[in-house]
Amino acid sequence: MRALLAAAAVAAPIVLAGPAAAEPMPTKTFTSCKQLRAEYSAGIAKNAKAARKAVKKGYRKPLVCKRVYLQVTPALDPNRNGVACEVR
């Protein structure tokens, strides 16, 4: 019984320590469509619905990524259609 308690006392700090907190991902800001298209050639859509609408209007299919879209709006989406820097 003492051996079991001793083993539990040694293992407890290891289990309770848990993983270290992850560092937040660095955010990249884009100040022009040229910069954004260098990384995302067809533009960035806020959601899938906005991407589908852009494709219906004759634009290439943009990458859907709300996090990136929110970093570039409103400067790079002046028509407020949910797609920044769309390309035909």
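Table for the structure above
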| read-out | value |
| --- | --- |
| Selection within region 63-88 - among the aliphatic types (A, V, I, L, M) and part of a loop (DSSP other than H, G, I, E, B) | ALA75, LEU76, VAL87 |
| Search result, residues across region 77-88 that are among the aliphatic types (A, V, I, L, M) and crowded, with 21+ Cβ neighbours inside 10 Å | VAL83, ALA84 |
| Residues of region 49-69 that turn out to be among the small types (Gly, Ala, Ser) and surrounded by fewer than 11 Cβ atoms within 10 Å (Cβ to Cβ), as a count | 1 |
| Residue selected from region 34-48 under the condition part of a helix (DSSP H, G or I) and of a type in the set (Lys, Arg), by the criterion surrounded by the most Cβ atoms within 10 Å (Cβ to Cβ) | ARG37 |
| Check on VAL72, crowded, with 16+ Cβ neighbours inside 10 Å and at pLDDT below 95 | yes |
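The values are calculated or read from the model by the stated rules, or taken from the named source; none is laboratory data. Model, not experiment: these values are computed from the prediction. Here the Cβ is made from the backbone with ideal geometry for all residues, glycine too, and neighbour counts use every protein chain on show.
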